[in-house]
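A short write-up of the structure that comes next.
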Amino acid sequence: MENSVHPLHHGINKANKGADQCPTLLPVEGRRYTELLYDVFVELVTRHHLFRYRDFGFLDEGAHARVVGQTNGTLILFAEKAGRFELVREIAQAFDATGLALGGYPSSLATESLLRALQQRGVLEGAAPAGGPMVHLFSVVDYDPSGYWIAREFADQIRVLGVEEVTLHTLIRPESLAVERVRLARYTLKKGRETANWLRATGGIAGEPYGLEADAFTPEAIRAAFAEEATP
């Protein structure tokens, strides 16, 4: 995928965060070796498919924030923020679709567990999802550079783990709100290459570098947007 964020980015950030919280746990050299080992491990799982996380007994870290549908299980409504899971679950269950909250940047471990859960429900067939049905993603993420790349990284992880056909539908868009509400809720994005790239890709708000939080959208607006996008 063009300009996609590498899935190892999450692991590196996670390792750095842990190191910052426990600065005496490992010397700098030790932390670097740990990060390198993690990077290699993720490559072997996600890129080369030599084994899976569950082969090593990793726990399903996303199970508490996920509901898997049956009839429309390949319709996946996902939120960036954990606090939106209750809404996502309610909407997904109403359509017998799949819903989950990423809780921030997507984890390849949680994504593998999601695909495994879909396989167990018979939504994706076989030991690997390759060749299975198309997966449709519906994102409830902030309308800004961070949300943009979070959604695309999640889609990229699903592809890398074997689902070749993935569509991504953005539910949080400024044109879905009244002009006055957009004016009141928008915020200025910091200048830089990331914002410039995002602005070229999305058009921002009326061509300007403004963002919108997903929280600016009411549950009713999100529900209506999903119903419209998910209905053939």
query = What pairs come up if the first residue lies in the range 183-205 and is surrounded by 13 or more Cβ atoms within 10 Å (Cβ to Cβ), the second is among the hydroxyl-bearing types (Ser, Thr, Tyr), and their beta carbons are under 6 Å apart, counting only those six or more places apart or on different chains?
reply = 186/210; 189/195; 198/148; 204/210
note = How many residues of the range 83-105 are of a type in the set (S, T, N, Q) and closer than 17 Å to residue 169 by Cβ? The answer is 1
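Let me confirm something: among 80, 112, which residue is crowded, with 21+ Cβ neighbours inside 10 Å, more than 25 Å from residue 173 (Cα to Cα) and not hydrophobic (A, V, I, L, M, F, W, C)? Walk me through how you get there before you give the answer.
Working: 80 fails: more than 25 Å from residue 173 (Cα to Cα).
After applying the criteria, what remains is 112.
In the set 183, 121, which member is out of contact with any helix residue (DSSP H, G or I) (no Cβ under 8 Å at 6 or more places or on another chain) and closer than 19 Å to residue 66 by Cα?
Working: 183 fails: closer than 19 Å to residue 66 by Cα.
When all the criteria are applied, what remains is 121.
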message = On the basis of being exposed (fewer than 12 other Cβ atoms within 10 Å of the Cβ) and either assigned by TED's automatic domain parsing to the domain that holds residue 106 or at pLDDT 95 or above (or both), does residue 137 make the cut?
response = no
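Do we find a residue being of a type in the set (S, T, N, Q) and in a loop (DSSP other than H, G, I, E, B) anywhere in the range 200-223? Explain how you work it out, then say what you get.
Going residue by residue through the range 200-223, those that are of a type in the set (S, T, N, Q) are 202, 218.
In the following step, the residues that additionally are in a loop (DSSP other than H, G, I, E, B) were identified as 218.
Yes.
Pick from 187, 210, 148: which is touching a Lys or Arg at 6+ places or on another chain (Cβ under 9 Å), in the same structural domain as residue 115 (by TED's automatic domain parsing) and not hydrophobic (A, V, I, L, M, F, W, C)?
Numbers: 187 fails: touching a Lys or Arg at 6+ places or on another chain (Cβ under 9 Å); 148 fails: touching a Lys or Arg at 6+ places or on another chain (Cβ under 9 Å).
The match here is 210.
Filter the range 53-79 down to the residues that are in a helix (DSSP H, G or I) and more than 15 Å from the chain's Cα centre (by Cα) and list them by number.
Just the residues of the range 53-79 that are in a helix (DSSP H, G or I), to begin with: 53-56, 63-65.
Once the filter is applied, which keeps residues that are in a helix (DSSP H, G or I) and more than 15 Å from the chain's Cα centre (by Cα), the range 53-79 yields 53, 54, 55, 56, 64.
Does residue 50 qualify as being assigned to a loop (DSSP other than H, G, I, E, B) and either under 16 Å from the mean Cα position of the chain (by Cα) or at pLDDT below 75 (or both)?
Numbers: assigned to a loop (DSSP other than H, G, I, E, B): yes; either under 16 Å from the mean Cα position of the chain (by Cα) or at pLDDT below 75 (or both): yes.
Considered against the rule, which asks whether it is assigned to a loop (DSSP other than H, G, I, E, B) and either under 16 Å from the mean Cα position of the chain (by Cα) or at pLDDT below 75 (or both), residue 50 comes out as yes.
Restricted to the range 160-184, and to residues that are in a helix (DSSP H, G or I), of a type in the set (Val, Ile, Thr) and closer than 20 Å to residue 141 by Cβ, which residue is farthest from the chain's Cα centre (by Cα)?
182
The values are calculated or read from the model by the stated rules, or taken from the named source; none is laboratory data. Here the structure is a predicted model, which means the values were calculated and not measured. Using ideal geometry, Cβ is built from the backbone for each residue, glycine included, and neighbour counts are taken over all protein chains shown.
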